[in-house]
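Laboratory data are not the source of any read-out in this text; all were calculated from the coordinates shown. Computed from a predicted model, the values in this text were never measured in an experiment. With ideal geometry, Cβ positions are generated from the backbone for all residues, glycine too; neighbour counts draw on all protein chains shown.
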Amino acid sequence: MSCDFLRLAQPGVQKLSPYVPGKPVDELARELGLEPASIVKLASNENPLGPGEKALAAIRAELAELTRYPDGNGFELKSKLAERCRVTAAQVTLGNGSNDILELVARAYLAPGLNAVFSQHAFAVYPIVTQAVGAEGRSVAAKHWGHDLPAMLAAIDENTRVVFIANPNNPTGTWFGPAALADFLAKVPERVLVVLDEAYIEYAEGDELPDGLDYLAQYPNLLVSRTFSKAYGLAALRVGYGLSSTEIADVLNRVRQPFNVNSLALSAACAALDDADYLQRSRALNDAGMKQLEQGFRALDLQWIASKANFIAVDLGRDAAPVYQALLREGVIVRPVGAYGMPNHLRISIGLAEENARCLDALGRILARG
Ligand SMILES: Cc1ncc(COP(=O)(O)O)c(C=O)c1O
């Protein structure tokens, strides 16, 4: 007799749908018999520049140490981040991607009977980590595709332990300004942990977006999460971090697996922090690519959601799924966002100029076919 291991799983886990990532280049190449090099992937908000030279050199230097476990406390990276972020090293939590930080928060602070509040159209990992630990996820209707912070405040009750807010948000690219964040933080009950997810913050310039770090000293219930996957171009290495009060960092450290960030990632992240030129080039390329896509959408008479991140959601004004499939056949991978409640949109990551042009070109031809 065999057991039903699905039924034996935690109730929240039984009902989970796994996270669906962007389609890998090799998978599409296998399916369509295409050369991987001929495929354009604008589906996972990756950095199109390729890894920086300084990060690559750091990785090479670290290779001889692969037989050893990494520094489980990430001393050097934490020290560097603490200096940059105007906090102490004890306030830094390192993660296997910032995704790991989101999971640590859920494991440490959520459980059956408790709830987490997040926005409609917000990053898919918030409901996943919440449900995985048996807590209730409260999705609050978005306003103009972005977070409705007053409505999120109103959704908090005595069983709320965590609020996830992303600025800018994925997959919409929407953002809120400093005044909105200040007002929100002032009103959130102090026993509720606010996770301010700033995975794309390095792309934002000027003071249109708040810098979450400015609020850490005032709000011991705030955790700011950031990543090396986007503007720093190290997505494959999986390294991100959380900045919070020492109390929260101490709690997360208790549930963290001992060596959650590998040694290549630790070294590369340290080197990336010192590579201001790479960051500058990432931003410049992103700004130019964003303008190029917006211009292309305008020419195709398409609407889009204004974005401060490294991707943009375009409204096709009809079911986007067949267009996504047609783009795949043209060797262009973008991201369908029907699962985010946006069936008419496609999310397109900003690529190199020629990649953006290929995507726009293919999109134009497909839409012209009707
Ligand atoms: C809003 C947001 N937060 C967090 C992440 C997690 O990124 P990583 O685990 O690579 O740091 C992503 C990735 O796409 C994201 O879009």
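Which whole-number percent is the relative contact order of the stretch 59-274 (Cα, under 8 Å, 6+ apart)? The partial results should precede the final answer.
Working: 415 pairs, mean separation 59.6, N = 216.
Across the stretch 59-274, relative contact order equals 28 percent.
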task = With label points built 7 Å along Cα→Cβ from the Cα atoms of residue 82 and residue 154, find their separation and express it in nm.
result = 4.3
task = Give the percent of DSSP beta bridges with both residues in the chain that are antiparallel, rounded to the nearest 5.
result = 50
remark   = Between residue 329 and residue 288, Cβ-based FRET efficiency (R0 22 Å, step 0.05) works out to 0.20
ask   = Can you list the residues of the stretch 237-266 with backbone N under 20 Å from a point 7 Å past the Cα of residue 60, pointing along Cα to Cβ?
value = 237, 263-266
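Evaluate E = 1/(1 + (r/R0)^6) for residue 277 and residue 2, where r is the Cβ-Cβ distance and R0 equals 51 Å; express this FRET efficiency to the nearest 0.05.
Values: r = 58 Å, r/R0 = 1.14.
With a Förster radius of 51 Å, E is 0.30.
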task = Apply the Karplus parameterisation 6.51 cos²θ - 1.76 cosθ + 1.60, with θ equal to phi minus 60°, to every residue of the stretch 343-355 and state each ³J(HN,Hα) to the nearest whole Hz, in sequence, with x for glycine and proline.
result = x, 9, 9, 10, 9, 10, 6, 6, x, 5, 3, 6, 5
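Calculate for the chain the 222 nm mean residue ellipticity that helices alone would give, adding -39,500 (n - 2.57) per DSSP H run of length 4 or more and normalising by residue count, nearest 500 deg cm²/dmol.
Details: 14 runs with 145 residues, N = 370.
-11500 deg cm²/dmol, from helical runs alone.
Over all pairs of distinct alpha carbons, what does the Kirkwood formula give as the hydrodynamic radius of the stretch 59-274, in Å? Could you put the intermediate results ahead of the total?
Details: mean 1/r = 0.0574 Å⁻¹.
In the stretch 59-274 this quantity evaluates to 17.4 Å.
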query = Counting Lys +1, Arg +1, Asp -1, Glu -1, what net charge surrounds residue 54 among other residues with beta carbon under 10 Å of its beta carbon?
reply = -4
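If we sort 285-292, 259-266 on the protection proxy, mean other Cβ atoms within 10 Å, highest first, what's the order? Can you show the working numbers first?
On the way: 285-292: 18.0, 259-266: 20.9.
Top to bottom by mean Cβ count within 10 Å: 259-266, 285-292.
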query = Based on the Cβ-Cβ distance of residue 16 and residue 257, what FRET efficiency does E = 1/(1 + (r/R0)^6) give at R0 = 22 Å, to the nearest 0.05?
reply = 0.60
Derived scalar couplings ³J(HN,Hα) [the stretch 306-323; Karplus, 6.51 cos²θ - 1.76 cosθ + 1.60; whole Hz; x for Gly, Pro] = 4, 10, 10, 10, 10, 7, 8, 9, 9, 9, 8, x, 6, 4, 7, 4, x, 5
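Based on the mean of other beta carbon atoms within 10 Å per residue, what is the order of 119-128, 166-175, most packed first? Spell out each step's value before the answer.
Working: 119-128: 21.8, 166-175: 25.8.
Highest-to-lowest ranking by the protection proxy: 166-175, 119-128.
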ask   = Fully extended, how many nm does the chain gain between residue 179 and residue 318 (0.36 nm per residue separation, minus their Cα-Cα distance)?
value = 46.5 nm
task = Excluding residues on the same chain fewer than 8 positions from residue 291, give the lysines whose Cα lies under 22 Å from its Cα.
result = 41, 230, 308
task = Using a 10 Å cut-off on Cβ atoms, rank the peptides 81-88, 331-338, 12-19, 47-54 from the highest mean neighbour count down.
result = 331-338, 47-54, 81-88, 12-19
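How high is the relative contact order of the stretch 221-370? Use alpha-carbon pairs under 8 Å, at least six apart in sequence, and give a whole percent.
Numbers: 176 pairs, mean separation 26.0, N = 150.
Averaging sequence separation for qualifying contacts and normalising by length gives 17 percent for the stretch 221-370.
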remark   = Restricting to lysines and to Cα separations under 16 Å from residue 80, and discarding same-chain partners fewer than 8 apart, the set is 54
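If eta is 0.692 mPa s and T is 37 °C, what Stokes-Einstein diffusion coefficient results for the chain, Kirkwood Rh from Cα pairs, in µm²/s?
153
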